[in-house]
Amino acid sequence: MGGFLVWYSLTIVSPEELAEYFKNANYWWIALGLFFGVLSHLSRAYRWKYLLEPLGYKPKFTNSALAVLIAYLVNLFLPRAGEVSRAALMANYEKIPFEKGFGTIVAERIADLIMMLIIISITLFIQFDFIWELLTKDFNPVKTISSLLFAILGLTAIILFIKKSKTKFALKVKSFVLGLKEGVTSIFKMKHKWSFIFHTVFIWAMYVAMFWATIPAVDGLEVPIGGILIGFIAGGFSIAATNGGFGLYPVAVASALALFGIDKVTGNAFGWIMWTAQTAMIIIFGGLSFLLLPIYNKNK
């Protein structure tokens with residue numbers, strides 16, 4: 001799918017035109033955007049300690065930061081596998097049980113989901129029609145409800161089976177779920193709730209700031225605040241739908257910006273510049289973290 005979307009995007013903006021946009025881009029603005037991106041990653045690594053402290057763990061910030069950066073790198077190739085690798089790395093280097101570490105990451109994702117919903121709610125007041133169309137596009141209520149009911153019934157059957165079973169496998173699953181539950185509920189046991197909330201807001205403010213700061217990198221590109229938020233949301237959905245938004249990110253962002261009179265050639269070029277910048281950042285910092293983590297912990 002990613003390959004097809006790349007081809008589709010390049011039918012709108014030719015490789016020659018795209019190369020010209022990259023050549024003429026203002027890389028000072030791109031660097032500022034990447035700076036905001038790095039701040040968000042470091043804040044995420046620091047925020048994690050507030051969830052781990054109630055469980056009795058105090059990992060080193062360096063290990064936490066390196067694990068977060070590696071997780072972003074892994075997610076480029078295997079969606080959602082980054083969270084698993086992050087918990088596994090901390091289990092190896094900080095002796096935090098995998099299920100508890102993973103549980104705290106799930107708690108983080110719940111907080112992030114709430115922030116995304118807040119951003120969408122704010123954007124609804126600015127561009128209600130577009131967000132409604134985005135959320136209801138290709139929505140089939142009968143199919144969705146049927147799939148949901150089957151999923152609920154299947155999950156219920158599995159839970160009842162594991163709950164009543166005394167097999168070794170079932171006991172391991174119960175132990176894992178208990179550890180996962182402890183990690184998730186750590187969000188309610190924090191001593192520093194307000195610090196956790198501050199970092200959560202800061203992380204997402206930096207995400208939006210990264211998108212905003214990159215816009216002036218393309219000469220003549222002017223987007224109002226509503227367009228910035230809609231473009232950010234569209235880009236976020238594309239990243240969640242594909243490996244790091246490969247192929248889809250430029251198309252999604254260009255479609256969002258087109259609502260504000262930005263021609264598709266410029267919109268696609270901006271999307272490619274934005275996607276390339278943040279992907280390069282993840283690959284470089286994630287790759288370095290992958291090399292540095294065992295060196296930093298060479299005595300363990």
Q: Rounded to whole Hz and in sequence order, give me ³J(HN,Hα) for region 69-86 from the Karplus expression 6.51 cos²θ - 1.76 cosθ + 1.60, θ = phi - 60°, writing x for Gly and Pro.
A: 5, 5, 4, 4, 5, 4, 5, 5, 9, 9, x, 6, 6, x, 5, 5, 5, 4
Q: Work out from phi, with θ = phi - 60° and the Karplus expression 6.51 cos²θ - 1.76 cosθ + 1.60, the ³J(HN,Hα) of each residue of region 87-101, listed in order in whole Hz, and give x for Gly and Pro.
A: 5, 5, 5, 5, 5, 6, 9, 10, 6, 8, x, 3, 5, 6, x
Q. If packing is taken as the mean number of other Cβ atoms within 10 Å per residue, what is the order of 85-98, 247-260, highest first?
A. 247-260, 85-98
Q | Neighbourhood charge, 14 Å Cβ-Cβ cut-off, centred on Ser43 and excluding it, Lys, Arg +1 and Asp, Glu -1 | A | +1
Q: Starting from the eigenvalues of the Cα gyration tensor, five times each then square-rooted, give me the equivalent ellipsoid semi-axes of region 196-300, largest first, whole Å.
A: 30, 16, 12
Q | Ranked by how many other beta carbons lie within 10 Å on average, peptides 99-111, 218-230 from highest | A | 99-111, 218-230
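Bear in mind these aren't lab numbers, they're just calculated from the coordinates by the rules spelled out. Remember, predicted model here, so these are calculated numbers, not experimental data. Cβ sites come from the backbone with ideal geometry, for glycine too, and all protein chains shown count toward neighbours.
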